[in-house]
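All remarks here apply to the structure that follows.
The values are calculated or read from the model by the stated rules, or taken from the named source; none is laboratory data. This is a predicted model, so every value here is computed, not measured. Glycine gets a Cβ as well: all are built from the backbone with ideal geometry, and neighbour counts include every protein chain shown.
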Amino acid sequence: MKNTEALEQLVDALRCLPGIGPKSALRMAYHLLQHNRKGASQLSSAIANAIELVGHCSYCNNFSEEVVCSLCSSKDRDASILCVIEMPSDLMMLEQTHSYNGMYFILMGKLSPLDGIGPKDIHLDRLLKRLDAGIVKEVILANNFTVGGDATAHYVTELLKARGIRLSRIARGLPMGGEIEYVDSGTLAQAMIERKIIKD
């Protein structure tokens, strides 16, 4: 039996989610239409609302409804330390450790030439602009210990070496190939505390 055009559009839309193939998308579409039309309507409204209202913080690049997010506008944070991370989920994990009280910059990805992701795609121009203000004295690189994370950390290190800013990288208490999002808070806190100086 051929699917209706509207159903096919829904299935195609669901396939944009990571890890969702054609069969999973079809099952999800059937579930929403058969068992949870109210939930589907709420999901649709929430997505449309988020697209309309959520942008990026002009300082840290995190998702925010404000021009400057609440973390960046907080007077309780140490603005002289900037932790560079890959994704917003990494920020959430680091905050749960209660081991860091500085600021963040979120790259929203990592260098991956094979996927066509270069320096402009991870907002390094915005990072440099942030550093040009002269407030930051130390940059902590908290990239994941993956091939892409290591390549990104190396690139950022070379980019910042001549700027007279102290550079450090979180310690390899994290497993090789591990991603911050999936590491327990104790291990992550230790990695932050035992970070290695790259340039002093």
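A quick yes/no check of all residues on (1) out of contact with any strand residue (DSSP E or B) (no Cβ under 8 Å at 6 or more places or on another chain); (2) polar (S, T, N, Q); (3) under 30 Å from GLU194 (Cα atoms):
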| site | (1), (2), (3) |
| --- | --- |
| VAL11 | yes, no, no |
| HIS31 | yes, no, no |
| HIS35 | yes, no, no |
| LYS38 | yes, no, no |
| ILE81 | no, no, yes |
| GLU86 | no, no, yes |
| MET93 | yes, no, yes |
| ASN101 | no, yes, yes |
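Annotation note: of CYS69, CYS83, the sole residue that is hydrophobic (A, V, I, L, M, F, W, C) and part of a loop (DSSP other than H, G, I, E, B) is CYS69. Farther than 30 Å from ASP150 by Cα and loosely packed, with under 12 Cβ neighbours inside 10 Å - does that describe any residue in region 86-101? No, because not a single residue in region 86-101 is farther than 30 Å from ASP150 by Cα and loosely packed, with under 12 Cβ neighbours inside 10 Å.
For ILE85, the stated conditions hold: it is within 14 Å of ALA191 (Cα to Cα) and in contact (Cβ under 8 Å) with a residue 40 or more places away in the chain. Based on what the data block shows, is ILE117 closer than 19 Å to TYR59 by Cβ and of a type in the set (Val, Ile, Thr)? When the stated conditions are applied, ILE117 does not pass them.
The set of residues in region 107-150 being assigned to a helix (DSSP H, G or I) and touching a strand residue (DSSP E or B) at 6+ places or on another chain (Cβ under 8 Å) consists of ARG126, LEU127, ARG130, LEU131, GLY148.
The set of residues from region 4-40 being in contact (Cβ under 8 Å) with a residue 12 or more places away in the chain and either polar (S, T, N, Q) or touching a Lys or Arg at 6+ places or on another chain (Cβ under 7 Å) (or both) comprises just one member, ALA25. For region 176-185, does any single residue satisfy the condition of being in the same structural domain as GLU95 (by TED's automatic domain parsing), over 20 Å from SER89 (Cβ atoms), surrounded by fewer than 12 Cβ atoms within 10 Å (Cβ to Cβ) and not charged (D, E, K, R)? Within region 176-185, none of the residues are in the same structural domain as GLU95 (by TED's automatic domain parsing), over 20 Å from SER89 (Cβ atoms), surrounded by fewer than 12 Cβ atoms within 10 Å (Cβ to Cβ) and not charged (D, E, K, R). Among the residues of region 22-56, the ones that are assigned to a loop (DSSP other than H, G, I, E, B) and at pLDDT below 95 come to 1 in all. Restricting ALA79, ALA46 to those that are under 26 Å from the mean Cα position of the chain (by Cα) and surrounded by 14 or more Cβ atoms within 10 Å (Cβ to Cβ) reduces the list to ALA79. So in region 147-158, with the set limited to residues that are touching a Gly at 6+ places or on another chain (Cβ under 9 Å) and closer than 12 Å to GLY109 by Cα, which one is surrounded by the most Cβ atoms within 10 Å (Cβ to Cβ)? Filtering region 147-158 for residues that are touching a Gly at 6+ places or on another chain (Cβ under 9 Å) and closer than 12 Å to GLY109 by Cα, the one surrounded by the most Cβ atoms within 10 Å (Cβ to Cβ) comes out as THR152. Please verify whether SER74 is of a type in the set (S, T, N, Q) and assigned to a loop (DSSP other than H, G, I, E, B), treating the condition exactly as stated. Spelling it out, SER74 is indeed of a type in the set (S, T, N, Q) and assigned to a loop (DSSP other than H, G, I, E, B). Considering region 159-174, and only residues there that are at pLDDT below 75 and more than 20 Å from PRO88 (Cα to Cα), the residue that is surrounded by the fewest Cβ atoms within 10 Å (Cβ to Cβ) turns out to be ARG172.
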